[in-house]
Structures are given as C-alpha cells and as structure tokens.
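K.L.:
Quick one: the structure is below, questions incoming.
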Amino acid sequence: MSSSLTTTAADPEAHLAGKVVRERHTLNVPLNRVEGDLAIRVQIEDGVVVDAWSCGTMFRGIENILIGRGALDGLVITPRVCGICSTAHLVAAARALNAISRVEPPPDAVRIQNVALAVEMVQSDVRQTMLMYLPDFANPAYESRPFHETAVHRYAPMKGSSAIESIRWSKRLLEIVAILGGQWPHSSYMVPGGVVTVPSAADLLQCRSLLAGFRRWYERQVLGCPLERWHQVRSRADLDSWLEERPAHRESDLGFFLQVARVLGLEQLGRGHANLLCVGGFPLPPDCAVPCPRPGGAELMPPGFYRRLEQAPFDQTRVEEHVKHSWYVDYPGGRHPSAGETRPYASGDEGGKYSWAKAPRYDGQPAETGPLAELLSMRDPLTLELVAEPGVTAFTRQLARLTRPAVLLPVLETWLAEIPPDATCYVPGARLETGVGIGLTEATRGALGHWVEIAHGRIVSYQIVTPTAWNGSPRDASDVRGPWEEALVGTPVGNPANPVELGHVVRSFDPCLVCTVHALGKGRGAGPWTL
Amino acid sequence: MGGRRIICVGNRYVPRDAAGPHVLEHLARCELPEGVELIDGGLAGLDLLRFVDGAERVVFVDALDTEDQAAGVQVTSPAELSGAAPPAYGHGAGLAYLLAVLPEVCDRPLPPVHVVGVAGPAGARVIRDAADTALRLVQQSAPAARRSSPGCG
C-alpha cells in the first residue's frame with residue numbers, strides 16, 4: 001500500500017479551541033488491493049484519523065444505458081455492473097420484472113436462483129479473506145511480529161499457500177454457476193417467471209460433488225473443524241473455548257485470523273455509525289426443508305434495519321439517495337430510487353463533490369450492509385453477542401464474512417438435494433408492457449436494489465443501489481459521513497507512509513467499485529511489462 | 001475440458017482496451033479450424049482460469065499499452081509478463097494476474113499459453129494480423145489434419 005502525504009503545521013484554529021495538534025497529515029490512499037476505482041483521503045492528527053473522504057473514481061452509467069431499451073434488456077446488461085456479483089444483479093433484475101409480469105417463479109426455479117447466488121457469495125467470501133484481507137497481516141509493517149512469517153507463508157500475493165488454495169477451490173465452486181447458468185460471470189438465464197435451465201440428474205450430481213469437495217476444503221483449511229462443530233459456537237465464551245480446543249482450530253485460517261485480530265486490536269477498529277441494513281435474501285419455497293430463522297419469515301436472511309441490536313422492520317420506501325457530495329446534478333435532500341436520476345455533473349467545486357458514488361440513506365441515516373447485517377438479521381447467537389460487545393467493528397465484520405460460508409454451505413446442500421431432475425423451472429407471466437418493479441436481494445456485499453419502470457415495453461427508468469454505494473457512500477445532504485468514512489475516524493496510523501491500519505478498516509467492508517478498464521502495458525514499473 | 005482456445009479480453013467501450021473484442025468479432029466471422037474454440041473473455045480476469053485449466057493450448061488476445069506506442073501485433077509469453085502482474089489481488093486484477101498464478105492453481109498440467117498483444121490504434125489491418133497470429137499460434141503442434149486456414153466472411 002502506498003500513499004501520498006502532505007504534512008502541515010499545527011492548526012491555528014485548533015490552538016484557539018484549546019486543542020494542541022502537534023502533527024497533521026493528509027493522506028491520499030489509493031488502496032489498490034481494495035479496488036482500482038476507490039481512493040480514500042484521510043486527515044490524520046497526532047497519529048489518529050480525524051476525518052475521511054471516500055471517492056469512487058469511476059462513473060457507472062449503466063442506468064442511463066438502459067433507458068429506452070427493451071424491458072428484458074436489464075437481464076443482460078445489469079449483470080455487467082460487476083464481475084464479482086453478477087448473479088445478484090441478475091436476481092434483482094429478474095425479481096423486479098416478476099412484479100411487472102405478475103408472476104411467481106416455481107419453487108425449484110427459486111432454489112436454482114438461490115443456489116447460484118449462495119455459491120457466488122461463498123466464493124467471494126473466501127477470495128476476499130485470503131486474497132484481500134489477510135494479506136495485510138503479511139504487510140512489512142508487521143515484520144517484527146511473531147505472526148508475520150506465517151502470514152507471508154499463507155497469504156503472500158500469488159504464492160501464499162492459503163491464497164493459492166482459495167483460488168483453486170473457488171474456481172471449482174463457480175463451476176456450479178456455469179452448470180446452472182451456462183457461464184460465469186455475467187449469466188442471463190434468470191427471467192421473469194423462473195429460469196431458462198432445467199438441470200439434468202447428471203448436472204445436479206456434478207453440482208453436489210463440487211459442493212462436497214469445497215465443503216471438505218473449507219472445513220479442513222478455513223475452519224479446522226467440521227461445520228457441525230463450528231455451529232456449536234454460539235457465544236464469545238464458546239469462541240474462546242473453540243480456539244483453545246485443538247491445534248487444528250488455531251492453525252486454520254479462521255483461528256489465525258482470531259489470534260492476529262486480538263494482537264492487532266481489530267475489535268476496537270472501524271466502529272462507524274453502527275447502523276446495519278439487510279434488505280432480505282434467499283426466499284424459501286413453501287416446501288423447503290430450510291427453516292426461516294425468524295418465525296413467520298419467508299427468507300433465509302430476513303429483512304431488517306438495525307441500530308446495533310435495536311431492530312426495525314425494513315421498508316423500501318424509506319430508501320433515498322443523496323447527491324450533494326456526488327458528481328451529479330443536485331437536488332434538495334434525497335430521492336427515492338423510483339424518482340431518482342443519474343445526471344453526471346463534474347463540478348469545479350473542489351472538495352464539495354468528490355465521488356461518483358451516490359449517498360444512499362435509510363430513513364435519513366447512513367447504513368452499512370453485508371454479512372454482519374445478514375447474520376444479525378438471522379439472529380445468529382454469536383453475532384448478537386459480538387455486536388453487543390465489542391460492537392460493529394472491523395473484527396465483527398470480517399469474522400461474519402469469513403464464517404458466512406458455514407451458514408450457506410449446508411443450506412446449499414439442502415437446496416441442491418431438493419431439486420428434482422425434471423424440475424419445473426419456468427411459468428409464463430403477463431407481457432412486460434407497462435408497470436413498476438422492485439428487485440431486492442442480499443448480494444455478496446449486502447443490500448442490492450433494482451428499481452425499474454417499463455412503459456410500452458421499454459425501460460423508462462432504472463436505478464440501481466449497490467451494497468458498496470451503501471458502505472462507501474460520500475457525505476449526504478446533511479454532510480453526514482458515509483459508513484466507512486465514519487469507521488475510519490479514530491483509526492490510529494503508525495506510519496503514514498504505510499497506513500496498513502486503514503486497510504484493516506476499509507477492507508472489512510469488502511469494497512467493490514466497478515472495474516471496467518484494463519489493458520496490458522509494457523515498459524513501466526519493476527518488470528519489462530506492467531499493467 | 002480439452003480443446004484449443006482463443007480467449008479475447010478487453011472492453012469494447014474503451015477504445016484503448018477494445019482490441020480483444022475487435023479480434024473476437026473478426027474471428028467470429030471466420031470458419032475456425034476443427035477443435036478451436038473462440039471465447040469472449042470480457043474483463044473476467046481470474047474467472048478465465050477454468051478455460052485454461054485442462055485446455056490443450058490457449059492464446060489470449062489483449063490490448064497492449066506500450067511506451068513507444070508503435071502500432072502492431074506483439075507475441076509474448078506468460079513468463080515475459082510476470083512483471084506486469086499487480087502486487088496483490090484486487091477485483092480489477094486482470095490477465096497479468098491470471099497469467100502469474102496459472103502455474104500454481106491449475107489442477108491439470110499447464111497447457112502452452114501465448115499472448116497476442118495489440119499495440120497502438122486497433123485498425124482493420126492490425127486486427128486482421130492479430131487474428132491470423134492467434135490462429136497460427138493456437139494450431140501449433142496440432143495434427144496436420146486439423147490445421148487449416150480460416151475462411152472469413
């Protein structure tokens with residue numbers, strides 16, 4: 001991680017306020033391993049972050065591309081929003097059109113959609129952890145720490161043992177999506193009324209075999225124990241006992257994370273606003289053996305809005321997007337996505353507008369989203385206890401992401417076992433002529449929403465609110481920071497030239513901004529060829 | 001999965017990154033030799049791994065950003081590109097990252113892999129040259145009966 005650094009003298013205003021600032025830095029942190037399209041700027045006083053700005057550096061524009069196109073075109077175009085969570089966009093796009101087509105996909109189509117979406121989440125969780133989060137433990141800043149050698153051995157880029165194995169196994173797991181959807185990523189096999197695939201007995205057998213192999217690897221390397229043993233960990237005391245129980249637990253990736261997180265104090269980093277949002281994910285067919293974690297619920301991950309442990313029902317009409325600090329034409333306050341617009345406006349007002357990401361707000365408040373909100377919504381006992389203490393921190397976020405596969409893998413097995421070879425996968429709905437649809441789902445990084453309006457068979461309005469827009473939003477109309485901007489405030493930075501602590505915080509949100517440009521390059525950098 | 005594959009990568013909406021998709025379109029109009037598969041790699045990066053693992057031979061076609069800006073087709077190997085990989089994985093990790101990890105992550109023996117780079121403006125002649133080069137490379141060591149010259153519409 002490299003950063004540009006500006007050092008200024010002590011602030012006269014701070015002196016007047018009775019506050020003595022000995023040293024001030026402003027850092028521009030590209031955070032390349034997070035995402036090439038994300039830049040973080042922080043202000044540091046006396047070694048602690050006192051303010052932060054999150055800048056999405058690329059204009060997406062998919063919404064504008066969709067205007068005037070055929071009603072079904074969102075099924076092909078919106079999965080291109082992201083190469084990591086394209087299935088989630090397809091689910092949201094199809095679900096929005098279900099509403100307009102007044103059709104309910106048959107139960108086995110729902111299972112197939114759920115399987116593909118859960119596979120996408122699981123593969124991303126292990127890649128994010130092994131390839132993006134844990135490599136920070138191998139940062140030169142920790143060279144003198146006892147854990148550093150192990151971290152380098154396991155997570156060094158392109159050669160760490162856990163990093164390489166995570167690529168091998170996530171590749172195999174993704175073949176399930178390719179079997180069900182014809183390709184990965186950017187599949188388009190989900191449609192209003194279901195899916196256009198009927199997996200054969202051989203297809204399903206292959207999917208189950210791939211899943212079983214992945215589960216064995218996840219248990220052996222990531223957890224160091226069978227899923228059943230991990231599911232017995234229901235409290236902080238259980239977690240501590242589990243870690244002490246066997247060498248295999250301590251030597252697993254999870255065990256290593258827990259031990260290093262304790263040493264580095266991740267439980268105290270990245271607290272943020274502590275508002276969490278889950279829009280609901282994985283509808284459960286009525287004849288499904290997977291129980292809803294909440295009585296009367298209809299989804300594996302029930303929707304809800306949380307202020308730490310205080311729960312409120314989720315109501316999509318309370319979602320708004322603000323653009324005061326985003327490079328779009330201004331409007332007062334916020335707008336519901338159904339009334340939203342995407343009119344780029346790169347102002348010369350330096351510092352006022354600073355991101356291509358809009359600022360989604362729920363009930364007027366910033367909210368973070370992702371696995372932690374999902375496990376909270378599922379009333380996972382360990383998550384409930386950790387959110388109470390130490391709270392919503394880098395540690396609880398990353399622990400939730402690392403262990404979400406332990407929740408999803410058994411459910412995946414059940415869904416795959418329930419799909420018969422001759423499944424009914426599609427029922428026709430009404431013609432997509434005119435109407436309004438909303439597609440909500442939990443995606444890999446959390447809450448995803450598509451709001452679409454169709455008139456005379458054409459798209460007249462399409463607005464997408466992604467999980468990273470929630471997590472990485474800039475300030476809103478009231479100048480309130482976005483979730484990871486707020487989470488950065490208070491972070492100690494030992495060395496401004498290598499601010500690894502900022503990575504621990506921001507990467508705990510698993511940022512993902514759109515990647516659309518790349519080219520091979522020659523003649524720059526250390527080698528003869530560079531990107 | 002077997003087979004010989006030409007995988008074209010890039011972004012058709014960004015002119016300096018559009019060479020791969022242009023070569024793809026050119027080859028899609030051609031009658032490909034038996035056993036050669038044409039794949040639109042888009043911006044998939046690491047997710048292209050499953051098209052390499054188990055293949056008989058693979059040729060990637062991508063835009064090449066060079067210092068001298070000389071237009072033309074340049075053939076290189078994954079080893080030559082080893083210095084091009086980003087220092088660490090990111091969602092934007094592209095072809096160079098994939099090529100760097102290939103020897104470690106393939107389940108089956110690593111097939112011969114070539115990279116056809118298109119430098120400078122991707123005009124019609126350059127695209128045709130890149131397509132011809134990709135076809136020549138992908139047919140290397142193929143049984144004579146399977147080799148053929150493409151017929152393009």
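The values are calculated or read from the model by the stated rules, or taken from the named source; none is laboratory data. Here the structure is a predicted model, which means the values were calculated and not measured. Glycine gets a Cβ as well: all are built from the backbone with ideal geometry, and neighbour counts include every protein chain shown.
K.L.:
Which of the numbered conditions does residue A:83 fail, given that it passes all the others? Conditions: (1) at pLDDT below 95; (2) part of a helix (DSSP H, G or I).
P.N.:
(2)
K.L.:
Further question: Looking at segment A:386-412, which of the residues that are farther than 22 Å from residue A:205 by Cα and small (Gly, Ala, Ser) is surrounded by the fewest Cβ atoms within 10 Å (Cβ to Cβ)? Before the answer, list the steps.
P.N.:
First, the residues of segment A:386-412 that are farther than 22 Å from residue A:205 by Cα: A:386-404.
Those left that are additionally small (Gly, Ala, Ser): A:388, A:391, A:394, A:400.
On the way: A:388: 11, A:391: 16, A:394: 28, A:400: 24.
The selected residue is A:388.
K.L.:
Still on this structure, I have one more. Could you go through segment A:499-519 and let me know if any residue there is surrounded by fewer than 22 Cβ atoms within 10 Å (Cβ to Cβ) and at pLDDT 95 or above.
P.N.:
No, because not a single residue in segment A:499-519 is surrounded by fewer than 22 Cβ atoms within 10 Å (Cβ to Cβ) and at pLDDT 95 or above.
K.L.:
Which members of segment A:121-174 meet the condition of being among the aromatic types (Phe, Trp, Tyr) and in a helix (DSSP H, G or I)? Give the derivation first.
P.N.:
At the first step, the residues of segment A:121-174 found to be among the aromatic types (Phe, Trp, Tyr) are A:133, A:137, A:142, A:147, A:155, A:169.
Result: A:133, A:137, A:142, A:155, A:169.
Every residue, every condition in (1) touching a residue at least 24 places away in the same chain (Cβ under 8 Å); (2) surrounded by 21 or more Cβ atoms within 10 Å (Cβ to Cβ), yes or no:
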{"site": "A:134", "(1), (2)": "yes, yes"}
{"site": "A:138", "(1), (2)": "no, yes"}
{"site": "A:144", "(1), (2)": "no, no"}
{"site": "A:150", "(1), (2)": "yes, no"}
{"site": "A:180", "(1), (2)": "yes, yes"}
{"site": "A:185", "(1), (2)": "yes, yes"}
{"site": "A:191", "(1), (2)": "yes, yes"}
{"site": "A:198", "(1), (2)": "yes, no"}
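K.L.:
Also, quick follow-up: Looking at A:206, A:259 in this structure, which one is under 23 Å from residue A:180 (Cβ atoms), in contact (Cβ under 8 Å) with a residue 24 or more places away in the chain and not basic (Lys, Arg)?
P.N.:
On the way: A:259 fails: under 23 Å from residue A:180 (Cβ atoms).
Criteria check complete, one pass: A:206.
K.L.:
So, of the residues in segment A:134-168 that are more than 10 Å from chain B (Cβ to nearest Cβ) and aromatic (Phe, Trp, Tyr), which turns out to be farthest from residue A:203 (Cα to Cα)?
P.N.:
Looking at the filtered set, the residue picked out is A:142.
K.L.:
For segment A:413-452, give me each residue that is touching a Cys at 6+ places or on another chain (Cβ under 6 Å) and surrounded by fewer than 17 Cβ atoms within 10 Å (Cβ to Cβ).
P.N.:
Result: no residue meets the conditions.
K.L.:
So, one more: I need the full set of residues from segment B:18-38 which are facing another protein chain (nearest Cβ under 10 Å) and in contact with a Lys or Arg (Cβ under 6 Å, 6 or more places away or on another chain), in order please.
P.N.:
First, the residues of segment B:18-38 that are facing another protein chain (nearest Cβ under 10 Å): B:18-20.
B:18 - this is the single residue of segment B:18-38 that is facing another protein chain (nearest Cβ under 10 Å) and in contact with a Lys or Arg (Cβ under 6 Å, 6 or more places away or on another chain).
K.L.:
If I ask for residues that are among the small types (Gly, Ala, Ser) and surrounded by 22 or more Cβ atoms within 10 Å (Cβ to Cβ), which ones from segment A:353-385 would you list?
P.N.:
Residues of segment A:353-385 that are among the small types (Gly, Ala, Ser), as a first pass: A:355, A:357, A:359, A:364, A:367, A:370, A:373, A:377.
Across segment A:353-385, the qualifying residues are A:355, A:357, A:359, A:367, A:370, A:373, A:377.
K.L.:
Quick test for you: out of A:461, A:473, pick the one residue that is modelled with pLDDT under 95, in contact with a helix residue (DSSP H, G or I) (Cβ under 8 Å, 6 or more places away or on another chain), polar (S, T, N, Q) and surrounded by 17 or more Cβ atoms within 10 Å (Cβ to Cβ).
P.N.:
Working: A:461 fails: modelled with pLDDT under 95.
That would be A:473, the only listed residue that is modelled with pLDDT under 95, in contact with a helix residue (DSSP H, G or I) (Cβ under 8 Å, 6 or more places away or on another chain), polar (S, T, N, Q) and surrounded by 17 or more Cβ atoms within 10 Å (Cβ to Cβ).
K.L.:
So in segment B:18-37, with the set limited to residues that are closer than 22 Å to residue B:72 by Cα and surrounded by fewer than 18 Cβ atoms within 10 Å (Cβ to Cβ), which one is modelled with the lowest pLDDT?
P.N.:
Step one: list which residues in segment B:18-37 are closer than 22 Å to residue B:72 by Cα, which gives B:18-30.
Narrowing the set further to residues that are surrounded by fewer than 18 Cβ atoms within 10 Å (Cβ to Cβ) leaves B:25, B:28-30.
On the way: B:25: 96, B:28: 95, B:29: 95, B:30: 91.
For segment B:18-37, the residue satisfying everything is B:30.
K.L.:
While we're here: Go through segment A:373-420 residue by residue and tally those that are over 19 Å from the mean Cα position of the chain (by Cα), in a loop (DSSP other than H, G, I, E, B) and charged (D, E, K, R).
P.N.:
Counting residues in segment A:373-420 that are over 19 Å from the mean Cα position of the chain (by Cα), in a loop (DSSP other than H, G, I, E, B) and charged (D, E, K, R) gives 2.
K.L.:
Of all the residues that make up segment A:90-144, how many are touching a Gly at 6+ places or on another chain (Cβ under 7 Å) and hydroxyl-bearing (Ser, Thr, Tyr)?
P.N.:
The number of residues fulfilling the criteria is 1.
K.L.:
Pull up segment A:476-489, narrow it to residues that are surrounded by 24 or more Cβ atoms within 10 Å (Cβ to Cβ) and acidic (Asp, Glu), then point me to the one that is nearest to the chain's Cα centre (by Cα). Talk me through it step by step, then tell me what you get.
P.N.:
So in segment A:476-489, the residues surrounded by 24 or more Cβ atoms within 10 Å (Cβ to Cβ) come out as A:476, A:482-485, A:487-488.
Now restrict to residues that are acidic (Asp, Glu): A:476, A:485.
On the way: A:476: 21, A:485: 16 Å.
My answer is A:485.
K.L.:
Yes or no: segment B:55-70 includes at least one residue that is aliphatic (A, V, I, L, M) and surrounded by fewer than 17 Cβ atoms within 10 Å (Cβ to Cβ). So that I can check it myself, show each step before the final result.
P.N.:
Start the filter on segment B:55-70 by keeping residues that are aliphatic (A, V, I, L, M), which leaves B:55, B:58-59, B:61, B:63-64, B:70.
Now narrow it down to the ones that are surrounded by fewer than 17 Cβ atoms within 10 Å (Cβ to Cβ): B:70.
Yes, segment B:55-70 contains a residue that is aliphatic (A, V, I, L, M) and surrounded by fewer than 17 Cβ atoms within 10 Å (Cβ to Cβ).
K.L.:
Which residues, taken from segment A:307-328, are in contact with a helix residue (DSSP H, G or I) (Cβ under 7 Å, 6 or more places away or on another chain) and among the acidic types (Asp, Glu)?
P.N.:
The answer is A:321, and nothing else.
K.L.:
Have a look at A:103, A:110, A:152 and point out the one that is at pLDDT 95 or above and within 25 Å of the chain's Cα centre (by Cα).
P.N.:
Working: A:103 fails: within 25 Å of the chain's Cα centre (by Cα); A:152 fails: within 25 Å of the chain's Cα centre (by Cα).
Answer to the selection: A:110.
K.L.:
Being under 21 Å from residue A:413 (Cβ atoms) and of a type in the set (Lys, Arg) is the filter here; which residues of segment A:70-121 pass it?
P.N.:
Across segment A:70-121, the qualifying residue is only A:111.
K.L.:
Could you tell me whether any residue of segment A:117-124 is surrounded by fewer than 21 Cβ atoms within 10 Å (Cβ to Cβ) and away from chain B (no Cβ under 11 Å)?
P.N.:
Let us first name the residues in segment A:117-124 that are surrounded by fewer than 21 Cβ atoms within 10 Å (Cβ to Cβ), namely none.
Taking every residue of segment A:117-124 in turn, none turns out to be surrounded by fewer than 21 Cβ atoms within 10 Å (Cβ to Cβ) and away from chain B (no Cβ under 11 Å).
K.L.:
Next question. Let me confirm something: among A:424, A:342, A:383, A:393, which residue is on the phi < 0 side of the Ramachandran plot and without any contact (Cβ under 8 Å) to a residue 40 or more places away in the chain? Break it down stepwise before answering.
P.N.:
On the way: A:424 fails: without any contact (Cβ under 8 Å) to a residue 40 or more places away in the chain; A:342 fails: without any contact (Cβ under 8 Å) to a residue 40 or more places away in the chain; A:393 fails: without any contact (Cβ under 8 Å) to a residue 40 or more places away in the chain.
Exactly one of A:424, A:342, A:383, A:393 is on the phi < 0 side of the Ramachandran plot and without any contact (Cβ under 8 Å) to a residue 40 or more places away in the chain, namely A:383.
K.L.:
Within segment B:1-17, restricting attention to residues that are under 14 Å from the mean Cα position of the chain (by Cα) and modelled with pLDDT under 90, which residue is farthest from the other protein chains (Cβ to nearest Cβ)?
P.N.:
Pass one, segment B:1-17, residues under 14 Å from the mean Cα position of the chain (by Cα): B:4-11, B:17.
Right, trim to modelled with pLDDT under 90 and you get B:10-11, B:17.
On the way: B:10: 7, B:11: 6, B:17: 5 Å.
The qualifying residue farthest from the other protein chains (Cβ to nearest Cβ) is B:10.
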